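The values are calculated or read from the model by the stated rules, or taken from the named source; none is laboratory data. Since this is a predicted model, take the numbers as computed values, not measurements. Positions of Cβ are generated from backbone atoms using ideal geometry, with glycine treated the same way; all protein chains shown enter the neighbour counts. Side chains are part of the model used for accessible areas, which takes the heavy atoms of the whole protein and leaves out ligands, DNA and RNA. Shrake-Rupley method; radii C 1.70, N 1.55, O 1.52, S 1.80 Å.
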Amino acid sequence: MQLQSLRGSIRDNDFWETTWENFRQHFDRIHPEFFQNLQAQFPRLTPNDLRHCAYVRMNLTRKEIALLLNVNVEAVKMARNRLKKKMNLTAEEDLIAYILRL
């Protein structure tokens, strides 16, 4: 009975939004203005893009990010390629190094 309730909560979008807001508050304490700078430079970034950038900033591996986003590693790789395009980075520019410099 409790397991079914937990599954329902996990599926509930409000749960994920609350969890993201809690994460973002803690992240902002450690990396002040990271999201503001990122959004100012790249206003087209989606909430998922911002989340991915935060995980990169935390120096998480593709596998760790995949687990957190509940996707496979290949999806993380594709998301990074889309991020590079949105940020107008060339193929030679390293997304991780770029995000770590922000």
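What are the ³J(HN,Hα) values, in whole Hz, obtained from phi via the Karplus relation 6.51 cos²θ - 1.76 cosθ + 1.60 with θ = phi - 60°, for each residue of the range 19-25 in sequence order, with x given for Gly and Pro?
Using θ = phi - 60°, the values come out as 4, 5, 4, 4, 4, 5, 4 Hz.
Find the percent of Cα-Cα distances in the range 14-102 that exceed 16 Å, and round it to a whole number. Before the final figure, lay out the partial values.
Values: 2050 of 3916 pairs.
Of all Cα-Cα pairs in the range 14-102, 52 percent lie more than 16 Å apart.
Rolling a 1.4 Å sphere over the protein heavy atoms, what is the accessible area per residue of the range 21-74, to the nearest Å²?
On the way: 3590 Å² over 54 residues.
Here the residues of the range 21-74 average 66 Å² of exposed surface.
Pop the C-beta distance of Asn88 and Thr19 into the FRET formula with R0 = 25 Å and round what comes out to the nearest 0.05.
On the way: r = 31 Å, r/R0 = 1.23.
Using R0 = 25 Å, I get an efficiency of 0.20.
Need the C-alpha centroid separation for the range 29-69 versus the range 73-102, integer Å.
Measuring centre to centre over Cα atoms gives 11 Å.
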